[in-house]
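Data block below; observations after.
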Amino acid sequence: MAAKSKTKFFMLDAGYDQMKNYEAARSVKAQAIIPLNPRNEKEPPAGITRKGTPCCSMGFPMTYWGHEKVHLKFRCPHATGQVDCPLGMAACSSSNYGMVVKTNSQTDLRRYALPHRESRGWKELYNKRTSVERCNSRMKTYLTANQPHVWGIQKVTTHQYLNAIVLLASALAIA
């Protein structure tokens, strides 16, 4: 089903944090938006935080600075004003722009998400998932979505569409 549509993101909770889910999303040219589950987490590679952010030579997490195609770009946290490094930018780079690190998101689909896990864009996408979960919960609790009194895929689909219309109409009535 997802292969036929133009799905851009799979937004799932941490229970789905398994490599096969990231690979399934990638196979249909989509990005998995899944928080890392610390239960199955292995120690990250040296110089990388648990969420996939590289650290500068002083050990500070670098600042996410966007992405270019499949590469995530990170800048020196001192150059971006995130930390006050005792050595300044001189320890990392002679440039006044500061040290830049690019990571290839294809090397580890689980650790490197586009957009980056700690970015505002990733958090906004994940928040959309939670709003859909709230709507599903309301439909199950108040609109009998989990107890259809009809049979057959066409009738159940129509029933769920009617539930969604009632949910939207009630939200508009309140607004």
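The values are calculated or read from the model by the stated rules, or taken from the named source; none is laboratory data. Just so it is clear, the model here is predicted, and its values are computed rather than measured. Quick reminder, even Gly has a Cβ in these numbers, built from the backbone with ideal geometry, and neighbours come from all protein chains shown. Side chains included, ligands, DNA and RNA excluded: accessible areas come from the protein's heavy atoms. Shrake-Rupley method; radii C 1.70, N 1.55, O 1.52, S 1.80 Å.
What are the residues in the stretch 146-175 that are touching a helix residue (DSSP H, G or I) at 6+ places or on another chain (Cβ under 6 Å) and more than 17 Å from residue 131 (Cα to Cα), if any?
Within the stretch 146-175, 146, 148, 150 qualify.
Yes/no per residue for (1) open to solvent by 100 Å² or more (accessible area, probe 1.4 Å); (2) assigned to a helix (DSSP H, G or I):
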residue	(1), (2)
133	no, yes
146	no, no
155	yes, yes
167	no, yes
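Taking the criterion of being open to solvent by 50 Å² or more (accessible area, probe 1.4 Å), assigned to a loop (DSSP other than H, G, I, E, B) and more than 25 Å from residue 18 (Cβ to Cβ), would at least one residue in the stretch 42-56 satisfy it?
no
Can you confirm whether residue 59 is open to solvent by less than 80 Å² (accessible area, probe 1.4 Å), within 18 Å of residue 82 (Cβ to Cβ) and either assigned to a helix (DSSP H, G or I) or not basic (Lys, Arg) (or both)?
Judged against the criteria, residue 59 is a match.
Report whether or not residue 103 is within 22 Å of the chain's Cα centre (by Cα) and surrounded by fewer than 16 Cβ atoms within 10 Å (Cβ to Cβ).
No, not satisfied.
I need the full set of residues from the stretch 62-84 which are in a loop (DSSP other than H, G, I, E, B) and more than 17 Å from the chain's Cα centre (by Cα), in order please.
Within the stretch 62-84, 62, 76, 77, 78, 79, 80, 81, 82, 83, 84 meet the criteria.
Within the set of pairs 6+ apart or on separate chains, which have a first residue in the stretch 37-48 that is touching a residue at least 40 places away in the same chain (Cβ under 8 Å) and within 21 Å of residue 103 (Cα to Cα), a second that is in a loop (DSSP other than H, G, I, E, B) and not aliphatic (A, V, I, L, M), and C-beta atoms under 9 Å apart?
Between residues of the stretch 37-48 that are touching a residue at least 40 places away in the same chain (Cβ under 8 Å) and within 21 Å of residue 103 (Cα to Cα) and residues that are in a loop (DSSP other than H, G, I, E, B) and not aliphatic (A, V, I, L, M), the close pairs are 44/50; 44/51; 44/52; 44/111; 48/111.
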